[in-house]
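Reviewing the structure listed below.
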Amino acid sequence: MSDSALTPQSSASKNEALPSRENNLVIQTRIRRSIWKIAFATLLLMAVGSATRVMNAGLACPDWPLCYGQLVPTAQMNLQVFLEWFHRLDAALIGLSTLGLVASSWWFRQQLPRWLPWANTFALSLILLQGALGAFTVTELLRFDIVTAH
């Protein structure tokens, strides 16, 4: 037997595992923070959506996905238009953020719980469904069943 087989692991090989664990922790922390930010944005989206409904601003932007054919309808901006426009903006940001979260969770799936990429993908599908219902809410002129589902 050689002497190298009997000697304990060198400190260098022990320390090689530490960056991997620290890297996993960094990845998990970033994913967790993204989830919390998306959850907070979703809470804000629901509040603004409720205000939009209460203020009868659901058709304040008569077209979809733009508002009066513009990204930011400055000429038509009033409280109702702002509520509907901001609701759409927040929804779009949530959708894009969730898309990034799904991509990250699949990319780093080895460092995450096995169920997390699947759960994030399912959440994205629900967000896409809500986006479609939001579009139909406008294009179908506030049909009650679509508004209720949305």
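The values are calculated or read from the model by the stated rules, or taken from the named source; none is laboratory data. Keep in mind the model is a prediction, meaning the values are calculated, not measured. Every residue, glycine as well, gets a Cβ built from its backbone with ideal geometry; the counts of neighbours run over all protein chains shown. When the accessible area is computed, the model is the full protein with side chains, heavy atoms only, and any ligands, DNA or RNA have been set aside. Shrake-Rupley method; radii C 1.70, N 1.55, O 1.52, S 1.80 Å.
Relative contact order of the chain: what whole-number percent is it, with Cα pairs under 8 angstrom and at least 6 residues apart? Display every interim value, and only then the final one.
Numbers: 100 pairs, mean separation 36.9, N = 150.
Relative contact order of the chain: 25 percent.
Restricting to DSSP H runs of at least four residues, report the calculated mean residue ellipticity at 222 nm for the chain, -39500 (n - 2.57) per run over all residues, nearest 500 deg cm²/dmol. Could the numbers behind the result be given before it?
Details: 5 runs with 108 residues, N = 150.
After summing the helix terms and dividing by the residues of the chain, the value is -25000 deg cm²/dmol.
What's the carbon and sulfur percent of region 12-149's accessible surface, probe 1.4 angstrom, rounded to a whole number?
On the way: 6340 of 9310 Å².
After summing per-atom areas, the C and S share lands at 68 percent.
I need the calculated FRET efficiency for the pair GLU140 and VAL72, taking r as the beta carbon distance and R₀ as 22 Å, to the nearest 0.05. Walk me through the intermediate numbers first.
Working: r = 25 Å, r/R0 = 1.12.
My answer for the efficiency is 0.35.
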Over the chain, average the accessible area per residue using a 1.4 Å probe and give it in Å², no decimals. 70 Å²
What ranking do 90-99, 21-30, 73-82 get when scored by the average of other Cβ atoms within 10 Å per residue, highest first? 90-99, 73-82, 21-30
Quick one: grab the alpha carbon gyration tensor of region 12-149, order the square roots of its eigenvalues as a ≥ b ≥ c, and give me rounded if a/c is under 1.5, else prolate or oblate depending on whether a/b is larger than b/c. prolate
Placing each pseudo-label 7 Å from Cα in the direction of the beta carbon, LEU79 and ARG33 end up separated by a distance in nanometres of 3.7 nm
